[in-house]
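Just below is one structure, and these are the notes that go with it.
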């Protein structure tokens, strides 16, 4: 009888232990299982808002990279999954969604943003939580100065400003240029300043400097003022929505001087908005679809097959940023933030779509830029300019 009672007692204890483990550890065990099966990456960008094509192109480029890495077996024996957040083109929203990606979704790294203002808002969050962040295409010099967990795979505005100043001086033979900048955009202000500094060093004169704010639709007062100064060109380092409207209004005023700009022009929407008024204008960019490199050709074919359109430079940079991250995770053999950060910092001669990528001590990419001319609504390769030693 005592043996029977003892057996019943032990059985009850076992049942109670199993019950407790199931009740107390169920959600944790499920979370651990999901974590073991996937590596989560965060992505944030402007999927809506005035420059929504930037976010769409970036997402497309990252999607191609993820498909490619998962088809090859994933990373560390696990599939990669990207959690995408729309920052609506707002700096404050960028900070909010990156906080959510890190603290709630528990991503191991973050990809984004295109616009420097949004990257500048979100970078301190990544730095605070020691989560690596790679911007595909934020060119403002201050972005990577937010901390040693912040990287980029694109060139910087000081170089981009130098490239357009050199092209305007040496190729176009211009000596008088005016400026029309978006005063509320870190990107636009920084690029304008870089162009002015370099153009003056090369012997040029800035004959006028006007400003506007993102969202403006009437630029006639600024253009009237600049027209009176007789510039040979107007440097407009803004984003495509405003630039297209500026081009149309400039043409309507009879301004024959070409517009010059930066990579913020790179969108098919630019010529949809500006039309023929943009013909004969020039802008700096990260690559050309005419690039004959194997990496560029492979990416171009994959992008066209999946999205039935030609990728812009932002799509290529997004692909490159994802691949730099994936290679770093492979080398690290871990999803630990510091180990990934250290391996990203060691990136050297990565064969990217937008050229070989080597990150310097300041976590910036040292690479050439191209100048594209707008002809009949198309972006035509004109010249490649490399950094000077």
Given the conditions (1) crowded, with 21+ Cβ neighbours inside 10 Å; (2) in contact with a strand residue (DSSP E or B) (Cβ under 9 Å, 6 or more places away or on another chain), which single one is not true for residue 353? (2)
For residue 173, all conditions in the list (1) free of Cβ contacts under 8 Å to residues at least 40 places away in the same chain; (2) in the same structural domain as residue 43 (by TED's automatic domain parsing) hold save one; what is the number of the exception? (2)
Only listed residue being assigned to a helix (DSSP H, G or I), assigned by TED's automatic domain parsing to the domain that holds residue 151 and free of Cβ contacts under 8 Å to residues at least 40 places away in the same chain, chosen from 56, 65: 56
Hey, residue 100 hits all of (1) in contact with a strand residue (DSSP E or B) (Cβ under 9 Å, 6 or more places away or on another chain); (2) modelled with pLDDT under 95; (3) surrounded by 12 or more Cβ atoms within 10 Å (Cβ to Cβ) but one; which does it fall short on? (2)
Residues of the stretch 274-290 being at pLDDT below 95 and out of contact with any helix residue (DSSP H, G or I) (no Cβ under 8 Å at 6 or more places or on another chain), which ones? 288, 290
When every residue in the stretch 278-293 that is touching a residue at least 24 places away in the same chain (Cβ under 8 Å) and loosely packed, with under 15 Cβ neighbours inside 10 Å is compared, the one nearest to the chain's Cα centre (by Cα) is 290
Need a quick list: strands (runs of 3 or more DSSP E) entirely within the stretch 333-389 having at least 1 residues that are at pLDDT below 95, closer than 20 Å to residue 267 by Cα and touching a helix residue (DSSP H, G or I) at 6+ places or on another chain (Cβ under 6 Å). 369-375
I'd like to know if the stretch 110-130 contains one or more residues that are outside the structural domain of residue 334 (by TED's automatic domain parsing), at negative phi, under 20 Å from the mean Cα position of the chain (by Cα) and touching a residue at least 12 places away in the same chain (Cβ under 8 Å). no
Subset tally (residues that are over 11 Å from residue 44 (Cβ atoms) and either over 19 Å from the mean Cα position of the chain (by Cα) or not in a helix (DSSP H, G or I) (or both)) for the stretch 91-104: 2
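Here's the yes/no breakdown for (1) touching a strand residue (DSSP E or B) at 6+ places or on another chain (Cβ under 8 Å); (2) over 22 Å from residue 343 (Cα atoms); (3) at pLDDT 95 or above:
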position	(1), (2), (3)
41	yes, no, yes
49	no, yes, no
55	yes, yes, yes
65	no, no, yes
68	no, no, yes
91	no, yes, yes
109	yes, no, yes
Selection from the stretch 141-165 of residues farther than 29 Å from residue 346 by Cβ and in contact with a strand residue (DSSP E or B) (Cβ under 6 Å, 6 or more places away or on another chain) yields 164
Looking only at the stretch 192-215, which residues are modelled with pLDDT under 95 and surrounded by 14 or more Cβ atoms within 10 Å (Cβ to Cβ)? 214
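The values are calculated or read from the model by the stated rules, or taken from the named source; none is laboratory data. For clarity, every value in this text was computed on a predicted model and none was experimentally measured. Note: ideal-geometry Cβ built from the backbone for every residue, glycine included; neighbour counts use all protein chains shown.
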